[in-house]
1. Kindly rank 184-196, 50-62 from highest to lowest mean number of other beta carbons found within 10 Å of each residue.
2. Please report the base-10 log of the normalised intensity I(q)/I(0) for the chain, using a Debye sum with one equal scatterer per alpha carbon and no solvent, at each q in 0.07, 0.10, 0.11 (1/Å).
3. Between residue 35 and residue 202, what is 0.36 nm times their sequence separation minus the Cα-Cα distance? Round to one decimal in nm.
4. As a test, work out the antiparallel percent of DSSP beta bridges whose residues both lie in segment 14-213, rounded to the nearest 5.
């Protein structure tokens, strides 16, 4: 079974955007995981990488493993913005507009399509870009706080995307060098494999789940 809840504050008003923090997001992921029949494999895409890392640090017992899908695998003391600044796309930053007095940001469809959906069909590009909402800014600038004793005990796996224009492949691989993963799967996908090649992504995730089941806490 797969479960994909929305993070609190996404697309919300000023109060909801202001209340969103990285720790609050991590606690939300833990609470949602505790409602499910275990073992739970926590997956994070893009910015979601910092969320799953922080969640594993706060409660490593809640998760059997972590899967990073073209995601930010930031080392201790670094934020999403810190790491993306070493390899992000300049055009992506140009498409961001502050909302709610700077409490959130919204990415324009014109910038989102080449950044997120460059290999998707025209229709998928149009529909996906139209669904984007404002997101809180505070978590993006918050450094993750992870330790080998807690976060480090949860097996992690990476699904890298070779045609990613948001978190380029070189950056994905540099993060894997700094924080090695139990397995790495390569997809010839853009930043959104769940739209670009959902069947291949699902197959990769199932294979990882089977490996985790056979070798828990490897």
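1. My ranking of the peptides, most packed first, is 50-62, 184-196.
2. For the chain at q = 0.07, 0.10, 0.11 Å⁻¹, log10 I(q)/I(0) is -0.20, -0.41, -0.50.
3. Gain in length upon complete extension: 57.8 nm.
4. Counting DSSP beta bridges with both partners in segment 14-213, the antiparallel share is about 30 percent.
Throughout, read-outs are computed from the coordinates displayed, never taken from laboratory work. These figures come from a predicted structure and were not determined experimentally. Cβ sites come from the backbone with ideal geometry, for glycine too, and all protein chains shown count toward neighbours.
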